[in-house]
Amino acid sequence: MNITGHTRLGGLLGSPVSHSISPMMHNDSFQQLGLDFAYLCFDVKPDRLKEAVSGLRTMNTYGFNLTMPDKEAVLPYLDELSLEAQLVGAVNTVKNENGRLIGYNTDGLGYLKSVEEAGCHIVGKEMTLLGAGGAACAIAAQAAISGVAKLHLVSRRGRSWDKAKKLVSDINQRTGCQTDLIDLADRKGLKKALESSLLLTNATSAGMAPDTNLTPLEDVSLLHPDLIVSDVIYNPRQTRLLQEAAALGCQTFNGMYMLLYQGAAAFRIWTGQDMPVELIRSRYFKN
Ligand code: NAP
């Protein structure tokens, strides 16, 4: 990489961040397209986020990404939020437009692009989404904005339940998508939702390594072979849910390309150009 006096900086804020694949994905893409941009990781916890964001604004960075635990904590320091970021209440991408910081959430767009790539046309159709944490809310908001006709959000009555209720009400008020909230323990409600859905998405953390024996859906008899079943988890590549669904004849896919495409969407926001995804996928996203 050729750093010059004109090079513009951006990067990832969060804690921890050193494991992230984002620097490779973005720096390689900048180089391929001849863009004089650079991307670094900064380990910043929420109690120092205000100063970090103020510094990035002042230093004319092109923008930055946020990961846990900074995705929600950054909201008070931004000037504007896109619709999906308003609905989710969390931001993973910020664009610096001449000192004005605009927050976006590209996780949902990344997921929907991976759905499209799996050959699933979900616009105008019905889907069931398990979970109500950060990933689930981002997918729900973007699915509603992008034209999914009906969305069933399924959550256990735990930590995220109240947040899920608010999200469902906001989506119904602010988008054309009909959304309802189903208790994960409500077998009848879940069965009905799955019968009319084209796509089931696990956006809970159940099944993620090291707890690979877990599944968010203990009763696999609720699945049917016409259902496309996906998981936002990519470690392991095939969760217990995906294994069980595949055994029943369902088409399945994991969260690997969601990760790729959320980055590609951020890249487009910063540069106005398309990331060379084929190359980046072959180098860093072996599925
Ligand atoms: P989070 O905010 O902690 O939310 C986790 C959600 O899962 C909560 O709704 C939680 O319910 C629910 N949950 C956990 N264990 C469960 C179980 N056994 N049964 C039912 N529900 C359960 O986490 P997150 O940030 O949304 O991340 C969720 C998963 O998505 C993680 O595995 C993460 O690695 C993955 N992810 C992937 C990508 C990608 O690019 N592929 C991007 C983001 C996240 P309670 O609130 O009741 O605990």
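Coordinate-derived values only; no laboratory data. Quick caveat, the model's predicted, so the values are computed rather than measured. Ideal geometry is used to build each Cβ from the backbone, glycine not excepted, and the neighbour counts take in all protein chains shown.
Looking only at the chain, where both bridge partners belong to it, what percent of the DSSP beta bridges are antiparallel (to the nearest 5)? Percentage antiparallel, nearest 5: 20. Straight-line cross-link partners of Lys45 among the aspartates and glutamates, defined as a Cα under 18 Å from its Cα and at least 8 positions apart when in the same chain: Asp70, Glu72. For segment 72-88, putting each phi into the Karplus relation 6.51 cos²θ - 1.76 cosθ + 1.60 with θ = phi - 60° gives couplings of 8, 5, 6, 3, x, 9, 9, 9, 7, 10, 5, 4, 5, 5, 5, 5, 6 Hz, in residue order, rounded to whole numbers and with x for Gly and Pro. The GNM of the chain, with springs linking C-alpha atoms under 10 angstrom apart, assigns the highest mean-square fluctuation among Gln86, Gln178, Gln32 to Gln32. Sorting Arg156, Arg48 from the fewest to the most surrounding beta carbons within 10 angstrom yields Arg48, Arg156. Take the Cβ atoms of Ser54 and Leu83, set R0 to 25 Å, and the FRET efficiency comes out at 0.45. The aspartates and glutamates within cross-link reach of Lys191, meaning a Cα-to-Cα straight distance under 19 Å and a gap of 8 or more places when in the same chain, are Glu126, Asp180, Asp183, Glu218, Asp219, Asp226, Asp231, Glu244.
Once C-alpha pairs closer than 8 Å and six or more residues apart are averaged by separation and normalised to the residue number of segment 3-124, the relative contact order reads 23 percent. The Asp211 and Asn98 beta-carbon pair, evaluated with R₀ = 45 Å, returns a calculated FRET efficiency of approximately 0.50. Mean separation of Cα pairs under 8 Å and 6 or more residues apart, divided by the residue count, gives the chain a relative contact order of 15 percent. When only Cα pairs below 8 angstrom with a gap of at least 6 residues are kept, segment 106-204 shows a relative contact order of 35 percent.
For the chain, the dipole from Cβ point charges (+1 on Lys and Arg, -1 on Asp and Glu) about the Cα centre works out to 240 debye, to the nearest 20.
Of all beta bridges that DSSP places with both ends in segment 78-156, some 40 percent have antiparallel geometry. Here segment 108-254 was treated as a single set of alpha-carbon atoms; its pair distances binned every 10 Å from 0 give 12, 47, 36, 4 percent. Here the chain is described by how far its Cα atoms reach on the three principal axes: 62, 38, 35 Å, from widest to narrowest. Across the cross-link table entries Lys113/Lys150; Lys150/Lys188; Lys113/Lys286; Lys95/Lys163; Lys71/Lys95, which are compared at the Cα atoms, the separations over 21 Å belong to Lys95/Lys163.
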